[in-house]
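*Asks:* The structure is given below, and queries will be raised subsequently.
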Amino acid sequence: MSADVSSQEPLPASTREQPVSADLGAVSALPGATSSIGAPATGSAIQLYARATPGFEDRLARTIAVLREAAEEFGIGALQSTSLGVEDMVITDLIARHHWPIALATLDTGMLHEETLALIPRIQSRYGLDVEVFQPVQEQVLHFVRTHGELPMRRSVELRKACCGLRKLEPLSRMLAGRRAWITGLRREQSSNRADVPFREDDGQGRIKINPLAEWRWADVWHYVQQHDVPVNPLHDQFMPSIGCAPCTRAIAVGEDFRAGRWWWEDSAKECGLHASHGELPPIEPSASNATPPATSGAQA
């Protein structure tokens, strides 16, 4: 049963009131830009990006309709696969706010930022919702690291894809086993590869993939966060609009696009394969390993 979101506790000031850089005039119009005169600045993502843009209420209404339809059609067969990024936190807030019977699950790759993992207990305390955590098979991880070293993804695209397959795609296959539909935070604005993301699509594996924020703008996401005091990753305040594994994520610079901080050393599509219809990698067969139990105080890194 979800908690009553109308009486939720306020977020700590540390995640809401960080000072805005004095160099905001030089910050790119794209999200997550750094100062043009030096190291990445820090500031409030809400102050930088939250805007009430024309058509927001209509876009919100369509998103609610998409999620309501998914809840009615699939019930407990639907799952939100949350990255714990800001878009997914908005979706989680909507699920809790409307008391839809949609489960939540996330991937703990073993290389996530502490700030990302800290959102798991925040979701539980804020909304009363469990987040099931899926991890890679540890024996496979150890073998991969022994064979290729700690940061093999920096050496070649092939090794990066292998790392993503091991740490993300295989656990995802277990996460989605037995599910009829899954919900993601994909938006068309995120990259050229995602420019045609629909509200609903066949994932090629016999499930329906639902992208309720497909038409939202970056300003819409942060406007909703501001309106409803949604918990978010404080790394967004450090100009990281797209947050993945720690070794593969950096702040983006002036003029760069949303996903430029992911695998920045590559000239690639900036996709890990979780969203195969918008990326590069095929699905991986699930192993016999089980998921970790629902987290109670955060996932193990």
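*Asks:* Please list 87-95, 167-175, 152-160, 63-71 highest first by mean number of surrounding beta-carbon atoms within 10 Å per residue.
*Replies:* 87-95, 167-175, 63-71, 152-160
*Asks:* For region 122-127, take each phi angle, set θ = phi - 60°, evaluate the Karplus expression 6.51 cos²θ - 1.76 cosθ + 1.60, and give the result in whole Hz per residue in order, putting x for glycine and proline.
*Replies:* With the stated coefficients, region 122-127 comes to 4, 4, 5, 6, 6, 10 Hz.
*Asks:* Round to a whole angstrom and tell me the spacing of the C-alpha centers of region 207-258 and region 84-137.
*Replies:* 14
*Asks:* Still on this structure, I have one more. Which one, VAL157, ASN193, PRO212, projects farthest toward the positive side of the charge dipole computed for region 141-220 from Cβ point charges (K/R +1, D/E -1)?
*Replies:* Of the listed residues, the answer is VAL157.
*Asks:* Could you give the length gained on full extension between VAL254 and ASP229, defined as 0.36 nm per residue of separation minus the Cα-Cα distance, in nm?
*Replies:* Separation in residues times 0.36 nm, less the Cα-Cα distance, equals 6.3 nm.
*Asks:* Counting only protein heavy atoms and using a 1.4 Å probe, what share of the accessible area of region 93-204 belongs to carbon plus sulfur, as a whole percent?
*Replies:* After summing per-atom areas, the C and S share lands at 52 percent.
*Asks:* Take VAL137 and HIS99, extend 7 Å from each Cα along the Cα→Cβ direction, and tell me the distance between the two endpoints in nm.
*Replies:* Rounded to a tenth, the inter-label distance reads 4.2 nm.
*Asks:* Just to confirm, what accessible area per residue do you get for region 140-257 at 1.4 Å probe, in whole Å²?
*Replies:* That works out to 38 Å² per residue.
*Asks:* In nm, to one decimal, how far is the ALA52 label point from the ALA246 one, both placed 7 Å along Cα→Cβ?
*Replies:* Going by the 7 Å Cα→Cβ label model, 4.0 nm.
*Asks:* Now a separate question. Which value, in debye to the nearest 20, gives the size of the charge dipole of region 50-182 about its Cα centre, when Lys and Arg are +1 and Asp and Glu are -1 at the Cβ?
*Replies:* It comes to approximately 340 debye.
*Asks:* Among 74-80, 176-182, 200-206, 231-237, what's the highest-first ranking by average C-beta atoms within 10 angstrom per residue?
*Replies:* 231-237, 74-80, 176-182, 200-206
*Asks:* Given a Förster radius of 41 Å and the C-beta distance between ARG154 and ALA65 as r, what FRET efficiency does 1/(1 + (r/R0)^6) yield to the nearest 0.05?
*Replies:* 0.40
The values are calculated or read from the model by the stated rules, or taken from the named source; none is laboratory data. None of these values were measured; they are calculated from a predicted model. Quick reminder, even Gly has a Cβ in these numbers, built from the backbone with ideal geometry, and neighbours come from all protein chains shown. SASA here: full protein model, heavy atoms, side chains in, ligands and nucleic acids out. Shrake-Rupley method; radii C 1.70, N 1.55, O 1.52, S 1.80 Å.
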